[in-house]
Amino acid sequence: MPTGRVVVFTTSGVAFDIVELPTPELESGGLLVKNTHAVICGSDLHGWRGDGDVPIPPVRRLTGHEFTGVVHSLGRGVDTDSLRRPLKEGDRVAFPFFNPCNRCYWCTRGERHACRHRGRWYTLEEHPYCDAGMADYYYLPPGHYVFKVPEELPTDAVPSVNCALSQVLFGLERAKMDFGDTVVIQGAGGLGIYATAIAAEKGAAKVIVIDGQQPRLDLAIRCGATDTVSLADYPTPESRVERVKELTHGVGADVVVEVVGIAAATLEGLDMVRVNGKFIDIGNIGGGSIEFPTVKVISNQTQWFGTVHYDPWIIEEALQFLVRVQDRIPVADVVSHKFPLEQINEAFEFAEWHGREGGTAASRVALTI
């Protein structure tokens, strides 16, 4: 099997290292992906900064989970994707960045997004291989899910499929967002822009997007937002909640989607949900804590959906969504800058500045591999 470069993350405040390692042995039923692009996700920045209440211990970890690539080699018995479409070396593919075991309580109930054995957060001590998103190769073991990328999609639109796009698409599906709903989206980074486009495509009557950077809000309008709320004009949580109430005639939103990644945004978003409405919490995974009276949720009869992963079928739905909207919604513009893999440290520094200080569009920074 080939060897390849892999980015190693130790702990916050320590520069990334790049090492050369062999790839895992290709098993019968397995598939080796040659990565082409990886994206710096907000959760990557959380770990890099050391966000949250619990410090990250210094352990050498493989990193990167939002990425795409082409088929490098197919294990014995693999000649199609998960929808039995012919698959060969060199084909572009999209796939979940985790692997449901298909043999547990949750998987047998069709809840693969909740499989307790699905994670792949390897350390080099337990898995000394080139096998991650920010690396030359990624291994899909037997029982994997993989989907062939439609020929008409530009590659720049694909890297965020297996995280940003699928996360928000699955969140809105779980919450059963209805045609005619009013949807509020907290944050217009990568996930927020995708959530905007999806809500508009699904027939939302209003899509209200909140952010502090005007270029992001401008992109949200291009992707289907009907209204925007700028932090410059509404600098306090109370003023933003009041603005949402004004835009919804005092009712509040049917659905609020949190993709900011700051715990305080959850507290604010809960006040925007109408009675018996839905709150989809996706971004707040950095470990931050909030306190609030339980009456805020109970008396409002708020339906709260925490969303971390997704069922594998959503990958194909995400790809087909991009095909449908690519001529009228610039969803590929979510990736605004690119760095080569060897400039991983510079890329993270830029993504941090770009996310906080503004830029040309959204804060997604891609690594070319």
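Taking the numbered list (1) more than 19 Å from Leu219 (Cα to Cα); (2) open to solvent by less than 20 Å² (accessible area, probe 1.4 Å) in turn, Ile193 passes all entries but (1). Selection of helices (runs of 4 or more DSSP H) fully inside segment 249-364 by the criterion of at least 2 residues being modelled with pLDDT under 90 returns 263-270, 295-298, 344-357. Counting just the residues of segment 4-14 that are under 24 Å from the mean Cα position of the chain (by Cα) and part of a strand (DSSP E or B), which one comes out farthest from Asp281 (Cα to Cα)? Only one residue fits best here, namely Arg5. Of all residues in segment 15-38, those that are assigned to a loop (DSSP other than H, G, I, E, B) have Cβ atoms under 8 Å from Cβ atoms of residues that are open to solvent by 10 Å² or more (accessible area, probe 1.4 Å) and of a type in the set (Val, Ile, Thr), 6 or more apart or on another chain, in Phe16/Thr63; Thr23/Thr3; Gly29/Val78; Gly30/Val78. Entry remark, segment 5-45: residues being closer than 28 Å to Asp156 by Cα and either touching a helix residue (DSSP H, G or I) at 6+ places or on another chain (Cβ under 8 Å) or open to solvent by less than 20 Å² (accessible area, probe 1.4 Å) (or both) number 24 in total. What residue, among those in segment 270-299 that are touching a residue at least 12 places away in the same chain (Cβ under 8 Å) and among the polar types (S, T, N, Q), is least open to solvent (accessible area, probe 1.4 Å)? It comes out as Asn284.
For segment 55-99, filtering for residues that are out of contact with any Leu (no Cβ under 9 Å at 6 or more places or on another chain), among the hydrophobic types (A, V, I, L, M, F, W, C) and in a loop (DSSP other than H, G, I, E, B) leaves 4. Here Pro159 clears all of (1) open to solvent by 10 Å² or more (accessible area, probe 1.4 Å); (2) closer than 16 Å to Leu319 by Cβ; (3) touching a residue at least 12 places away in the same chain (Cβ under 8 Å) except the condition numbered (1).
With respect to the conditions (1) open to solvent by 70 Å² or more (accessible area, probe 1.4 Å); (2) more than 28 Å from Arg324 (Cβ to Cβ); (3) in contact with a strand residue (DSSP E or B) (Cβ under 7 Å, 6 or more places away or on another chain), Glu238 lacks only one, and its number is (3). Condition check for Trp121 on (1) closer than 23 Å to Pro58 by Cα; (2) under 17 Å from the mean Cα position of the chain (by Cα); (3) modelled with pLDDT of 90 or more: one failure, at (3).
The values are calculated or read from the model by the stated rules, or taken from the named source; none is laboratory data. The shown structure was predicted, so the numbers you read here are calculated from the model rather than taken from an experiment. Reconstructed Cβ throughout: ideal geometry from the backbone, glycine too, with neighbour counts over all protein chains shown. Surface accessibility is based on the protein's heavy atoms, side chains included, excluding ligands, DNA and RNA. Shrake-Rupley method; radii C 1.70, N 1.55, O 1.52, S 1.80 Å.
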